[in-house]
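The values are calculated or read from the model by the stated rules, or taken from the named source; none is laboratory data. What you see is a predicted model, and the numbers here were worked out from it, not measured in a lab. FYI the Cβ positions are ideal-geometry reconstructions off the backbone, even for glycines, and counts take in every protein chain you see.
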Amino acid sequence: MQTPAPVDYARATSVEHALELLERLGPESRLIAGGHSLLPMMRIRLAQPECVIDINGLTDLDYVRVEGGDLCIGAMTRHSTVLASPVVGEHYAIFHEAERQIADPPVRNRGTVGGSFCQADPAEDLAAVGSAVKANLVLRSSQGTRTVPAREFHAGPYETVLGDAEMLTEVRVPIRPGSASAYDKVKRKVGDWAAAAAGAYVVLRDGVVADVGIGLTAVGAPHFCAEEAEAYLVGKTPTDEHLLEAGRLAAQACTPRADQRGPVAYKVHLASELTQRVLRRSVERAEGRS
Amino acid sequence: MQVKMTVNGTEVSGEIEPRLLLVHFVRNHLGLTGTHWGCDTSQCGTCVLLLDGEPVKSCTVLTAMADGHEVRTVEGLEVDGRLDPVQEGFMQEHGLQCGFCTPGMMLTARWLLDNDPDPDDHTIREAISGQLCRCTGYENIVRAVRWAAEHGGEEQAEREPQESSQEVQA
């Protein structure tokens, strides 16, 4: 039987209250949202916080809306809510295609967008999505609010740039008129982490790639993105040959580790192949829109 | 710490350690052992119950997090001696063999039919995709949910009393 170590419990009633509790209880306290990353780690004692601060009552952070040209997703929005949101689908199919493959339905009913980013798992799907679409993350502390690009949010496996008494409150994605996006993942079974996964968005102008973002997860891509491949594609026509080269460049930047989900060569191959697939699908969708 | 919640329509309370997982509160403190406890790692889904009406894996929820909320377990499916159409469907279509996954499967089915009274096979399979069954190959579970959908699955509260389960079984 796996049971967390003894822990204290506090329930936050507002963002301000949560921040106050974080300050008062110190760095050994942890916010708990859906708990589907933190509790498994607590059960096997990889995590032993002194206190968990329950933020499930912060329903004012549970929203999807368009504001100031951004698609805004509150940190307490459940995966199932994102998956069911027509607004998300209208602007960024990549979120729906990723969410459909995150864990399984009961887990998606509890797990949150904010929790996924903050867990900073090296195989996290939303980390790749956030990097692909160049999202901005809104962080709050008692000192105020700051915005950090998703590509700078993760400091390493299970590490973020969040301060001890700081919390992620919102994910903002610039809405790019004419853009289209896609996500693809290879996994062994429902609920599994990715062996590899990739996401992308493209904006075409006169048949040429005007803007592009590529995200990868589980393959050791720096900051979950593929900047060289992006730079290569801008200004080019999205031909198979150019997409192949973009896939090659994306895979070249990856440093996957062999594990039960496959050897290194397989994952490098997947990084290239999945990058091409999501780019191709994004291009087809963008062409369909124009 | 003290917790209070509504379980199957009844208010319950208990003195618990904050680290107590909901599955153990339901089974050990309330004696509702219909909720099964399986893999302990949020993989198998046998501990699924409804929290505020939604299927969740109760081995990955702290009891404290359910304080003030509403829980429904398999024991709450039957009302006044009348089985839920989902339960009848599992009997009619032989939706179980060993029965270990059944409570979680039935609660997810209940939730699905409440939200989508006429789900197709794909939708049913998607809904139960986080829950393992090692006996049925899922075929009979899907049929059982379809049976419930076709026999007033969405109208549990309004249904007329039906013949007893023993007769259905025979």
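Residues that are buried (at least 21 other Cβ atoms within 10 Å of the Cβ) and small (G, A, S), at least 3 per element: which strands (runs of 3 or more DSSP E) completely within the range A:144-201 meet that? First the steps, then the outcome.
Values: elements: A:144-149, A:154-156, A:166-174, A:180-186.
Per the criteria, A:180-186.
Given the conditions (1) in contact with a strand residue (DSSP E or B) (Cβ under 7 Å, 6 or more places away or on another chain); (2) within 14 Å of chain B (Cβ to nearest Cβ); (3) not hydrophobic (A, V, I, L, M, F, W, C), report the number of the one that A:Y63 does not fulfil.
(2)
With respect to A:V113, determine if the residue is within 15 Å of the chain's Cα centre (by Cα), away from chain B (no Cβ under 14 Å), surrounded by fewer than 24 Cβ atoms within 10 Å (Cβ to Cβ) and within 27 Å of B:Q131 (Cβ to Cβ).
The answer is no for A:V113.
Can you pull out the residues in the range B:70-83 that are more than 17 Å from B:H24 (Cβ to Cβ) and either facing another protein chain (nearest Cβ under 9 Å) or among the β-branched types (V, I, T) (or both)?
B:V79
Just wondering, is there one or more residues in the range A:102-109 that are more than 14 Å from chain B (Cβ to nearest Cβ) and closer than 21 Å to B:P55 by Cα? Please lay out each step first, then the result.
We begin by selecting, within the range A:102-109, every residue more than 14 Å from chain B (Cβ to nearest Cβ); these are none.
Looking through the range A:102-109, none of the residues is more than 14 Å from chain B (Cβ to nearest Cβ) and closer than 21 Å to B:P55 by Cα.
Given the options B:L32, B:L51, name the one that is over 23 Å from A:S37 (Cβ atoms) and in contact (Cβ under 8 Å) with a residue 12 or more places away in the chain.
It is B:L32.
Tell me, please, whether a residue that is without any contact (Cβ under 8 Å) to a residue 24 or more places away in the chain and assigned to a helix (DSSP H, G or I) can be found in the range A:208-226.
Within the range A:208-226 (the criterion being without any contact (Cβ under 8 Å) to a residue 24 or more places away in the chain and assigned to a helix (DSSP H, G or I)), the answer is no, since none of the residues qualifies.
Quick check on my filter: what residues within the range B:13-48 are small (G, A, S) and at the interface with chain A (Cβ under 10 Å from one of its Cβ atoms)?
Selection gives B:S42, B:G45.
Name the residues in the range A:35-55 that are surrounded by fewer than 21 Cβ atoms within 10 Å (Cβ to Cβ) and either out of contact with any helix residue (DSSP H, G or I) (no Cβ under 8 Å at 6 or more places or on another chain) or facing another protein chain (nearest Cβ under 8 Å) (or both), would you?
Of everything in the range A:35-55, those that are surrounded by fewer than 21 Cβ atoms within 10 Å (Cβ to Cβ) and either out of contact with any helix residue (DSSP H, G or I) (no Cβ under 8 Å at 6 or more places or on another chain) or facing another protein chain (nearest Cβ under 8 Å) (or both) turn out to be A:P40, A:M41, A:I44, A:R45, A:L46.
Restricted to the range B:65-91, and to residues that are out of contact with any Asp or Glu (no Cβ under 7 Å at 6 or more places or on another chain) and among the aliphatic types (A, V, I, L, M), which residue is nearest to B:T102 (Cα to Cα)?
Across the range B:65-91, the extreme among qualifying residues is B:V74.
With respect to A:V138, is the statement that it is farther than 24 Å from A:V278 by Cβ and among the β-branched types (V, I, T) true? Give the derivation first.
Working: farther than 24 Å from A:V278 by Cβ: yes; among the β-branched types (V, I, T): yes.
Judged against the criteria, A:V138 is a match.
Please enumerate the residues belonging to the range A:18-40 that are closer than 19 Å to A:T77 by Cα and over 25 Å from the mean Cα position of the chain (by Cα).
None; the set is empty.
Residues in the range A:31-44: is at least one farther than 25 Å from A:S179 by Cβ and charged (D, E, K, R)? Let's see the steps before the verdict.
Keep residues of the range A:31-44 that are farther than 25 Å from A:S179 by Cβ, which gives A:31-44.
Narrowing further to those that are charged (D, E, K, R): A:43.
Yes, the range A:31-44 contains at least one residue that is farther than 25 Å from A:S179 by Cβ and charged (D, E, K, R).
Yes or no, residue by residue, for (1) more than 11 Å from chain A (Cβ to nearest Cβ); (2) part of a helix (DSSP H, G or I):
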residue	(1), (2)
B:G68	no, no
B:G95	yes, no
B:P103	yes, yes
B:H122	yes, yes
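Here are the criteria: (1) more than 10 Å from chain B (Cβ to nearest Cβ); (2) closer than 25 Å to B:S58 by Cβ; (3) part of a loop (DSSP other than H, G, I, E, B). Tell me which single one A:P27 does not satisfy.
(2)
Considering the range B:24-49 alone, what residues qualify as being within 17 Å of B:F100 (Cα to Cα) and crowded, with 24+ Cβ neighbours inside 10 Å?
B:V26, B:T35, B:S42, B:G45, B:C47, B:V48, B:L49
Just to verify a result, which residue in the range A:1-18, among those that are away from chain B (no Cβ under 14 Å) and exposed (fewer than 14 other Cβ atoms within 10 Å of the Cβ), is farthest from B:R19 (Cα to Cα)?
Filtering first and then ranking leaves A:E16.
Tell me, please, whether a residue that is in contact with a His (Cβ under 9 Å, 6 or more places away or on another chain), in contact (Cβ under 8 Å) with a residue 60 or more places away in the chain and in the same structural domain as A:E166 (by TED's automatic domain parsing) can be found in the range A:29-39.
Scanning the range A:29-39 turns up no residue that is in contact with a His (Cβ under 9 Å, 6 or more places away or on another chain), in contact (Cβ under 8 Å) with a residue 60 or more places away in the chain and in the same structural domain as A:E166 (by TED's automatic domain parsing).
Does A:R281 qualify as being touching a strand residue (DSSP E or B) at 6+ places or on another chain (Cβ under 9 Å), under 30 Å from A:E20 (Cβ atoms) and of a type in the set (K, R)?
No: the conditions fail for A:R281.
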